[in-house]
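Written out below as structure tokens is the structure these notes cover.
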Amino acid sequence: MIENEVANRGLQTVRFVYVDGPRENMSRTPDESATKSDYILWQLSAFRAARRLVRVERFDFAWHLTFSNGWIGSVASLLGLPFIYGPIGGGAAPPWRLSPTLGLKGTMYEIARAVARGTGRRVNPLARASWHRASLVLVQNNETKEWLPRRHRAKAQVFPHVALETLPSARPPYPGPVMLFVGRLLPLKGVALALQALQSLDGWQLVVCGDGPDLQRLKGIALRLEVKDRVDFRGWMDRADVLEEMGKASVFVFPSLHDEAGWVVVEAMAAGLPVVCLRVGGPPILAGPEFAVGPARPSVTAANLAERILAAAATDRGLVRERAEHFLIDERTRSLKAVLYRHGIAMDNPRTASVL
């Protein structure tokens with residue numbers, strides 16, 4: 001797939017050096033902690049491969065692209081080259097006033113994540129070395145920029161990693177009032193808030209595309225709130241089918257408690273769907289602040305979400321698509337080059353860039 005894309009784009013100067021992970025299909029493991037552990041081990045292998053390359057070729061800089069996690073750190077910072085870090089995330093935290101919507105397991109997960117974030121920020125030497133040695137730190141959202149130690153914030157630039165190849169064909173709005181959610185069903189995604197908002201939206205339906213460990217809890221909440229008959233849990237769907245559903249919905253609702261960026265937000269905008277989200281993390285940067293809701297206690301937040309959903313449904317879908325055009329890949333490339341140039345990094349004729 002990578003080679004095909006390189007050939008299709010005519011990128012003859014791009015060369016990939018593949019480094020195996022510690023076990024097969026490590027990116028497909030359902031255990032997020034195991035994925036991060038595998039990734040840390042993979043970095044060690046990638047570092048050895050990169051050092052061999054540095055010995056025989058002249059590089060202008062090293063650039064760490066993935067994971068977009070600022071508290072794990074990057075071995076690319078140890079190569080002795082000018083270093084670009086990111087876009088990274090990891091700084092967005094859930095509004096604790098909304099913790100009742102997470103359930104017990106979700107709350108315990110967020111507490112553990114907060115401990116890991118705090119530990120990574122304060123005592124992880126690789127993360128601290130990465131921030132210190134970076135010439136530029138690209139961050140997914142303002143929360144991550146503010147989460148960085150103060151002395152590193154001046155070289156941090158908010159630049160979400162979302163980019164679209166094309167925009168789908170415009171479609172007329174679906175006649176029925178339907179809000180759509182797409183994503184993995186985890187407590188942090190805020191679907192419980194969407195269900196509470198639905199309770200006060202007479203005649204509306206909620207279509208949920210996705211699966212995950214929070215599914216049964218969400219079905220129980222829908223039953224308790226007496227909105228079960230207006231919620232359609234579709235399960236996991238192919239991307240083409242999801243895009244088809246976007247063409248049928250009125251509003252995209254994405255009340256995640258701490259998404260770093262949210263690629264699906266821009267995909268919904270590209271389909272002409274106005275996005276209602278919380279004023280937390282990356283989604284309001286992508287979708288704009290117009291329909292972003294400030295977090296308060298759950299009942300108030302749900303009521304405000306319902307109010308924004310009604311307002312969003314009356315929005316001109318053409319204007320939404322215009323905003324999505326800013327995330328087309330050619331436009332994002334121009335914007336990224338401008339950011340790099342402002343930080344003294346020229347991309348017009350680099351000799352070689354090592355990218356991890």
message: Can you give me the convex hull volume of the Cα atoms of region 68-142, divided per residue and expressed in Å³?
response: 86 Å³
task: Can you bin region 178-326 into rounded, prolate or oblate? Criterion: square roots of the alpha carbon gyration tensor eigenvalues sorted a ≥ b ≥ c, rounded for a/c under 1.5, prolate for a/b above b/c, oblate for the rest.
output: rounded
- request: Measure out, as a whole number of angstrom, how far apart the alpha-carbon centroids of region 162-205 and region 98-131 sit.
  value: 28 Å
statement: Kirkwood Rh over alpha-carbon pairs of the chain plugged into Stokes-Einstein at 25 °C, 0.890 mPa s gives a D in µm²/s of 113 µm²/s
- prompt: Based on DSSP, what percent of beta bridges with both residues in the chain are antiparallel, to the nearest 5?
  reply: 5 percent
message: Using only DSSP helix segments of four residues or longer, with each worth -39500 (n - 2.57), what per-residue ellipticity at 222 nm results for the chain after dividing by its residue count and rounding to 500?
response: -12500 deg cm²/dmol
- prompt: How about LYS189: which aspartates and glutamates have a C-alpha closer than 16 Å to its C-alpha, ignoring those fewer than 8 places off in the same chain?
  reply: GLU32, GLU110, ASP211, ASP214, ASP259, GLU260
message: With the cut-off at 32 Å, tell me which of the pairs LYS145/LYS228; LYS36/LYS228; LYS248/LYS337; LYS105/LYS228 have Cα atoms farther apart than that.
response: LYS145/LYS228; LYS36/LYS228; LYS248/LYS337
task: Please tell me the relative contact order of the chain in percent, rounded to the nearest whole number, where contacts are Cα pairs under 8 Å and at least six residues apart.
output: 18 percent
statement: Counting only DSSP beta bridges with both partners in region 178-326, the antiparallel fraction in percent, to the nearest 5, comes to 5 percent
- request: List the equivalent ellipsoid semi-axes of region 26-119 in whole Å, largest first, each obtained as the square root of 5λ for an eigenvalue λ of the Cα gyration tensor.
  value: 33, 15, 9
- request: Measure nothing but the geometry: give the 0 to 90° angle between the long axis through the Cα atoms of 298-313 and the longest principal axis through the Cα atoms of the chain, rounded to 10°.
  value: 90 degrees
- prompt: GluC sites (Glu not before Pro), restricted to region 131-170: which are DSSP loop and have at most 10 other Cβ atoms within 10 Å?
  reply: GLU165
- prompt: If you build a Gaussian network model of the chain, linking Cα atoms that sit under 10 Å apart, which residue out of VAL56, VAL139, VAL75 swings the most?
  reply: VAL56
Degrees, to the nearest 10: 103-123 long Cα axis against longest axis of the chain: 20 degrees
For ASN304, net neighbour charge (Lys/Arg +1, Asp/Glu -1) across residues whose Cβ lies under 15 Å away: +2
message: Which of rounded, prolate or oblate describes region 101-260 when judged by the alpha-carbon gyration tensor and an a/c cut-off of 1.5?
response: oblate
- prompt: Roughly what would the spin-label model give for LEU319 and ALA240, points 7 Å off Cα along C-beta, in nm?
  reply: 3.5 nm
message: What distance in nm separates the two pseudo spin-label positions at LEU53 and ILE329, each 7 Å out from Cα along the beta-carbon direction?
response: 2.0 nm
message: For the chain, take the longest principal axis of its alpha carbons; what is the angle in degrees between that and the long axis of helix 215-224, to the nearest 10 within 0 to 90?
response: 20 degrees
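Bear in mind these aren't lab numbers, they're just calculated from the coordinates by the rules spelled out. Given the structure is predicted, the values throughout are model-derived calculations rather than measurements. Note: ideal-geometry Cβ built from the backbone for every residue, glycine included; neighbour counts use all protein chains shown.
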